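Visitor: Once you've had a glance at the structure underneath, I'll fire off some questions.
A short reminder: the numbers here are calculations on the coordinates, not readings from a lab. Since the structure is predicted, the reported quantities are computational estimates derived from the model, not experimental observations. Reconstructed Cβ throughout: ideal geometry from the backbone, glycine too, with neighbour counts over all protein chains shown.
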Amino acid sequence: MSNANQATLSTIYRLCYWISEHSESKERELEGLANEEYFLSIVALANQCWIVGALTHGIKQKKQWEALPALHREYLTEISQVYEERAAELVDEIVYSVKLLNHLEITPILLKGAATLLNGVAVPRSIRYMNDIDMLVKPEELEYATQEMVAQGYTLDDEAYDIDEYEHHHQSPMKRNTSKCYIELHRWHTKNTLLTLLPSSELWHSAKLIPVNEPISVRECSATHQIIINIVHSELSDRGYFEKDIHLFQLVALYQLVNFYRDEIDWQQVASHFMEAGVQSVLYSRLYALIELFNIELPLDNKNLQAVENQKHFKYCLSNYIDNQNGIGLKAVLQGQLSEYSKLSIKVHYGIDKFWGVLHVRCKIFKNQIKKLTNKNYLKKFFLANFN
């Protein structure tokens, strides 16, 4: 990425302004939209985060589409069409795979982005770009569901798990020769150690059927649980909180959920789940970022939301992102690796908080990191991702 297209703090705020449904029109933003440098900066960031579809839709919602130069409209339309076609391919894959599971009398729950393609959150579908499809089945259904899908032409990709010793909450990714994406069948909606935050029994009890114009039976999580899963996924499973990563793609997805479900979300239940798990700081730091970037109001205690530590965490996340756009660099890599040794991280990912247990896990983490450093495939992917 050239220096001209690197994101600044203003770029991030501007992009989120155009994606959000701000009621007020900011004259400076409206004037800037026709400026090529302004436009290219937010589009470059949107491209990097796979949210061009959301940006395009946001500009149209603010009735500023015609204010864009024709060439800019043409570019956004073309990229959004790619997103739309990708989403259509994923929907076809969802329908095909769910039919196979329904044949076994299994009614899965669509998780994360997969659900939004069918439940109305992603309208138009181009506002949500996805790599794969996550589906939850009951643990006792996982083995024969996998066997049936393999028998019907799916192939398991086991290579991704060759060097990871932890118990997985989902099966190896699987794919057909003709499909455009992988499917991951989950036995749990999150890592085993995080199930205390949202027990599977509670999730299954509140899940409901998605009304679709297809001959399939498939469920989605409740609105409240979709919020919890989004934050758990980005901040805990993907370590965004510990590595101080803004995870802008996931933050936009969270905004879309909040904006769509509104009063259906039980925010007190969301807060109590994180509080009971002892990770309320993770929740409030994430919600502070949501409020700050998308100008959205939440019915939660303002004292908790506006806490100084949340503001500091948010600023550090933004600074981290801006500083590491050309690859995260050695310092950030080391910070990320070291964050795995923190007591809170170990409690979250291993369910252990006693002294000797924490010490034992730290030894396991060290052993695993050494193991990865001796794996050529891992090192190649790691350096390509972080030092481009």
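Visitor: Which aspartates and glutamates, on any chain, are close to residue 312 with Cα under 18 Å apart, when same-chain ones fewer than 8 places away are left out?
Guide: Filter leaves 235, 243, 245, 292, 323.
Visitor: Here's another thing I want to ask about it. Please compute the modelled spin-label separation between residue 151 and residue 301, points set 7 Å along Cα→Cβ, answer in nm with one decimal.
Guide: 5.4
Visitor: Another question, if that's okay. What do you get for trypsin sites (Lys or Arg not before Pro) in region 28-79 restricted to DSSP loop and a cutoff of at most 14 other Cβ within 10 Å of the site's Cβ?
Guide: Numbers: sites: 28, 60, 62, 63, 73; in loops: 62, 63.
The qualifying sites are 63.
Visitor: OK, next. Sort region 87-221 into rounded, prolate or oblate with this rule: let a ≥ b ≥ c be the square roots of the eigenvalues of the Cα gyration tensor; rounded if a/c is under 1.5, and if a/c is not under 1.5, prolate when a/b is larger than b/c, oblate otherwise. Each step should come with its number before you reach the end.
Guide: Details: a/c = 1.36, a/b = 1.11, b/c = 1.22.
The shape class here is rounded.
Visitor: Hey, got the dipole for region 3-68? About the Cα centre, +1 on K and R Cβ, -1 on D and E Cβ, debye to the nearest 20? All intermediate terms of the calculation are to be shown ahead of the outcome.
Guide: Numbers: 6 positive and 8 negative charges, 33 e Å.
It works out to roughly 160 debye.
Visitor: Let me ask something else about it. Between rounded, prolate and oblate, where does region 236-288 land on the alpha carbon gyration tensor, with a ≥ b ≥ c its root eigenvalues, rounded for a/c under 1.5, else prolate if a/b exceeds b/c?
Guide: Numbers: a/c = 2.58, a/b = 1.11, b/c = 2.31.
Cα axes put region 236-288 in the oblate bin.
Visitor: What does the net charge come to around residue 13 if you take all other residues with beta carbon closer than 14 Å to its beta carbon, with K and R at +1 and D and E at -1?
Guide: Details: positive: 14, 26, 28, 315; negative: 29, 292.
Combined, the nearby Lys, Arg, Asp and Glu give +2.
Visitor: A further question on this structure: Taking θ as phi - 60°, what are the ³J(HN,Hα) couplings along region 60-69 by the Karplus curve (6.51, -1.76, 1.60), each to the nearest whole Hz, with x for Gly and Pro?
Guide: 5, 5, 7, 6, 10, 4, 6, 6, 6, x
Visitor: Also: Taking a ≥ b ≥ c as the square roots of the eigenvalues of the Cα gyration tensor of region 167-220, is the shape rounded (a/c under 1.5), prolate (a/b larger than b/c) or oblate? Display every interim value, and only then the final one.
Guide: Working: a/c = 4.01, a/b = 1.18, b/c = 3.39.
Judged from the Cα gyration tensor, region 167-220 comes out oblate (a/c at least 1.5, b/c at or above a/b).
Visitor: List, in order, the whole-Hz ³J(HN,Hα) value for each residue of region 213-221 obtained from phi through the Karplus relation with A = 6.51, B = -1.76, C = 1.60 and θ = phi - 60°; use x for Gly and Pro.
Guide: 8, 9, x, 9, 10, 9, 10, 10, 6
Visitor: Per residue of region 86-100, what does 6.51 cos²θ - 1.76 cosθ + 1.60 with θ = phi - 60° give for ³J(HN,Hα)? Whole Hz please, x for Gly and Pro, Karplus curve as stated.
Guide: Each residue of region 86-100 in turn: 4, 4, 4, 5, 5, 4, 4, 5, 4, 4, 4, 6, 5, 4, 4 Hz.
Visitor: When the chain is fully extended, how far beyond the present Cα-Cα distance does residue 65 get from residue 272, taking 0.36 nm per residue of separation? Spell out each step's value before the answer.
Guide: Working: separation 207, 0.36 × 207 = 74.52 nm, distance 4.17 nm.
Once the chain is fully extended between residue 65 and residue 272, it gains 70.4 nm.
Visitor: Moving to a separate point now. Could you tally up the Lys pairs in region 4-159 with alpha carbons closer than 29 Å? Skip any pair fewer than 8 positions apart unless they're on separate chains. Intermediate values should be presented prior to the final figure.
Guide: Values: 26/60; 26/62; 26/63; 60/112; 62/112; 99/112; 99/138; 112/138.
Final tally of qualifying lysine pairs is 8.
Visitor: What distance in nm separates the simple spin-label points at residue 140 and residue 123, each placed 7 Å from Cα in the Cβ direction?
Guide: That separation, rounded to one decimal, is 3.8 nm.
Visitor: Quick one: which residues, 5+ away or cross-chain, put their amide H under 5 Å from the amide H of residue 182? H built at 1.01 Å from N.
Guide: Close amide H contacts, sequence-distant or interchain: 133.
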